[in-house]
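Bear in mind these aren't lab numbers, they're just calculated from the coordinates by the rules spelled out. In this text, all values refer to a predicted model and were calculated from it rather than measured experimentally. Cβ placement follows ideal geometry from the backbone for every residue including glycine, while neighbour counts extend to all protein chains displayed.
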Amino acid sequence: MATVTVDNETRPGSRAVAKYVRSSAFKVREVLDLVRGKSYSEAREILTFSERRISDAIAKCLDSAVANAEHNHELDGDELYVAACYADEGPTLKRWRPRARGRATPIRKRTCHITVVVARYSDEELAAIDARLALKGTGRRSSAAEARRRRVAASRERDAERAEDHDHDEEDLEAMDETDVVEADIEDVEEGEDEPVAESDDEDGEDEPVAESDDSETDDDDGEDEPVAETDESDDSESQTETETEADVEADEKES
């Protein structure tokens with residue numbers, strides 16, 4: 001098991017190093033001073049709500065150190081604290097900026113190496129912490145490592161649900177495609193069944209000779225009515241002859 005020396009005392013713990021961080025060592029040390037000697041949960045909260053940009057890099061290094069202690073040395077994250085943390089200067093990237101009158105001013109882009117060492121509280125310190133929290137009416141705070149595990153598990157569950165939803169969406173699309181194909185086939189069949197109806201229209205056209213036969217019958221009827229008209233004319237001629245005879249009889253009577 002890896003050990004670290006704290007106050008001339010060897011304790012189980014672990015460390016993590018972040019190299020070539022693009023920030024000056026001075027800026028990193030200001031944040032490291034805030035978490036030095038704090039428990040892992042407290043240090044993680046401080047870094048989470050810190051407004052300094054470098055806090056994210058320090059938090060990643062702290063999480064890596066705690067993960068090394070848990071997975072490599074089987075330590076509990078609730079029992080760990082920041083035993084030591086420091087920032088060493090790294091190589092400086094030198095650039096130049098053009099200025100007036102043909103001059104150039106140097107630009108120094110600083111880098112640093114961040115080291116975070118976590119160690120386990122002693123049994124006496126853990127007992128004192130538990131007693132202090134018991135007086136406040138609260139238990140020991142859940143470690144940030146445990147919170148991270150819950151977040152990772154929740155994210156994995158969400159990813160699995162999204163994958164299942166995606167699979168269901170693909171199945172629904174396939175089912176919709178199949179229904180569309182079936183509906184198209186049904187429409188084609190219905191259109192094919194409608195074609196004989198169009199032929200029946202043609203058959204209606206073939207019934208036209210029947211209409212012609214009706215016309216011929218009417219014509220024949222008209223032809224048969226002509227003799228009736230002739231009888232009317234003969235009646236008129238008969239009435240004229242009768243009037244003539246009556247006139248002749250009256251004339252004869254006058255003469256007599």
Under the 0.36 nm per residue contour assumption, what length would be gained going from the current alpha-carbon distance of Asp159 and Glu178 to full extension?
4.0 nm
Which of Asp165, Asp63 comes first, and how do the rest follow, when ranked by fewest Cβ neighbours within 10 Å?
Asp165, Asp63
What is the spin-label model distance, in nm, from Glu45 to Val152 if the labels are put 7 Å beyond Cα along the C-beta direction?
2.3
Show which lysines lie in cross-link reach of Lys136 when reach means a straight Cα distance below 21 angstrom and same-chain residues fewer than eight apart are skipped.
Lys38
Mean separation of Cα pairs under 8 Å and 6+ residues apart, divided by the residue count of region 3-141: what relative contact order is that in percent?
33
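Short version: what are the Cα gyration tensor semi-axes of region 3-141, square root of 5 times each eigenvalue, largest first, in whole Å?
Each semi-axis is √(5λ); the values are 38, 16, 11 Å.
Which order, highest average first, do 104-114, 12-22, 170-180 follow once you tally other Cβ atoms within 10 Å for each residue and take the mean per peptide? Kindly include the intermediate steps, with their values, before the conclusion.
Values: 104-114: 14.7, 12-22: 17.5, 170-180: 10.0.
Per-residue mean Cβ counts within 10 Å order the peptides as 12-22, 104-114, 170-180.
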